[in-house]
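Take a look at the structure below.
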Amino acid sequence: MSIDRLQQLIIEKKNPTVVGLDPRPEYIPPHILAEHMAQKGETLEAAADAFYAFNCGLIDTLADIVPAVKPQSAYYELLGPAGVVALHNTVAYAKSKGLYVILDGKRNDIGSTAAAYSDAYLGRVTVGNTTYAPFDADSLTVNAYLGSDGLRPFLETCKTFDKSIFALVKTSNPSSGELQDLRIGDSTLYTVVGDLLDHLGQDSIGICGYSNLGAVVGATYPAEAKALRERLPHTFFLVPGYGAQGGGAADVAPCFAEGGRGAVVNSSRAIMCAWKKTTTGDGSDYQEAARAEAVRMQQDIAGVVGV
């Protein structure tokens with residue numbers, strides 16, 4: 001099972017974290033951006049090439065200590081077609097280094113449109129007699145708030161190609177409660193969604209005890225995360241909100257089951273932009289800075305939850 005692979009990588013590396021690869025031009029060390037602008041000018045193509053080069057440098061320095069990476073598709077779509085190519089190439093490079101890749105697209109629709117999203121990011125597409133895996137990510141974030149019609153096509157793809165998805169349940173943003181905390185009888189909307197995931201994931205529970213239908217649960221709401229962890233014992237959590245959004249190790253701890261199982265915590269800007277806080281500040285040591293921050297995060301979280 002796909003989630004089994006992620007959990008095993010976490011155990012092997014004793015590190016329940018995922019690095020978000022969310023580049024913007026201002027996050028790229030100047031010498032990398034300048035190199036590619038010298039070749040292609042101040043173009044979207046130059047920026048996309050710089051994104052990919054930066055990502056490869058981060059992956060090279062982090063692949064032995066982190067189990068997974070999470071590129072957010074919006075940052076690549078920002079650059080148009082060239083950025084989408086950079087996203088595709090980033091996914092492929094990360095997988096070649098043995099990393100589990102969660103593509104953060106928060107996609108959703110119903111029927112054939114949901115199936116198309118699912119085939120694009122997780123599945124296969126056939127042209128004539130040739131079959132392609134357009135992105136071939138290991139996992140994809142999806143929006144659960146269209147109900148089961150919007151989840152089942154993704155689940156079918158997960159079953160066929162051994163993939164996973166993480167559906168939005170209790171997100172980390174400040175306004176999440178405007179809708180997600182609304183009462184439905186004796187429950188909140190986000191707990192109703194969590195229960196739906198638990199039900200739909202029952203036939204894909206792996207040897208690690210978790211299904212291939214995971215939940216996005218923000219570190220910025222630790223009390224809610226604790227209640228969801230107890231309510232959803234077979235649901236793996238993808239946890240945003242650590243670091244730049246204000247969540248700390250104590251906040252993510254409730255997302256984990258005993259032994260540091262059942263969750264992976266994301267950090268993006270704190271690792272990607274760590275080079276901006278070094279003594280040089282010019283980006284020449286971006287790999288060393290990213291690695292140091294990734295190790296600090298690992299130790300911070302492991303010190304609270306253990307693995």
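The values are calculated or read from the model by the stated rules, or taken from the named source; none is laboratory data. Just so it is clear, the model here is predicted, and its values are computed rather than measured. Quick reminder, even Gly has a Cβ in these numbers, built from the backbone with ideal geometry, and neighbours come from all protein chains shown. Only protein heavy atoms, including side chains, enter the accessible area calculation; ligands, DNA and RNA are left aside. Shrake-Rupley method; radii C 1.70, N 1.55, O 1.52, S 1.80 Å.
For the chain, carbon and sulfur atoms together expose 53% of the accessible surface, with a 1.4 angstrom probe and every protein chain in place.
Given +1 at the Cβ of Lys and Arg, -1 at the Cβ of Asp and Glu and no other charges, the dipole of the chain around its Cα centre is 320 debye to the nearest 20. Taking the C-alpha atoms only, the angle from helix 222-231 to the longest principal axis of the chain is near 50 degrees.
Quick one: in segment 185-290, what % of C-alpha pairs are over 17 Å apart? I get 58 percent for the Cα pairs in segment 185-290 exceeding 17 Å. Separation of the alpha carbons by more than 30 angstrom is noted, of K226/K277; K14/K106; K70/K226, for K226/K277.
Prolate is the label for segment 1-56, because the ratio a/c of its alpha-carbon gyration tensor axes (a ≥ b ≥ c) is 1.5 or higher and a/b is greater than b/c. Only alpha carbons enter this Debye calculation for segment 1-138, each as an equal point scatterer, and the log10 of I(q)/I(0) it gives at q = 0.10, 0.14 Å⁻¹ is -0.37, -0.70. Rounded to the nearest whole angstrom, the semi-axes of the ellipsoid equivalent to the chain, taken from the Cα gyration tensor as √(5λ), stand at 30, 24, 17, largest first.
Over all Cα atoms in segment 170-220, the spread is summed up by Rg and Dmax: 12.6, 37 Å.
In plain terms, the C-alpha convex hull of segment 125-248 casts an average shadow of 9.2 nm² when viewed from every direction. Take the Kirkwood radius over Cα pairs of segment 65-164, plug it into Stokes-Einstein at 10 °C and 1.306 mPa s, and you get 115 µm²/s for translational diffusion.
Between I11, I28, Y145, the Cα set farthest toward the positive side of the dipole of the chain (charges on each charged residue's Cβ, about the Cα centre) is that of I11. The residue list T113, V84, V127 was ranked by how far each Cα lies along the charge dipole of segment 68-147 toward its positive end, using unit charges on Cβ atoms, and V84 comes out on top.
Taking the longest Cα principal axis of the chain as reference, the axis of helix 152-161 is set at about 70 degrees. Normalising the average separation of contacting C-alpha pairs (under 8 angstrom, six or more residues apart) by the number of residues puts the relative contact order of the chain at 20 percent. In whole Å, how far is the Cα centre of segment 143-209 from that of segment 35-100? A separation of 29 Å, based on Cα centres. Mean residue ellipticity, 222 nm, helices only, the chain: the sum of -39500 (n - 2.57) across DSSP H runs of n ≥ 4, divided by residue count and rounded to 500, is -13500 deg cm²/dmol. With respect to the chain, whose longest principal axis is taken over its alpha-carbon atoms, helix 81-96 is tilted by about 70°.
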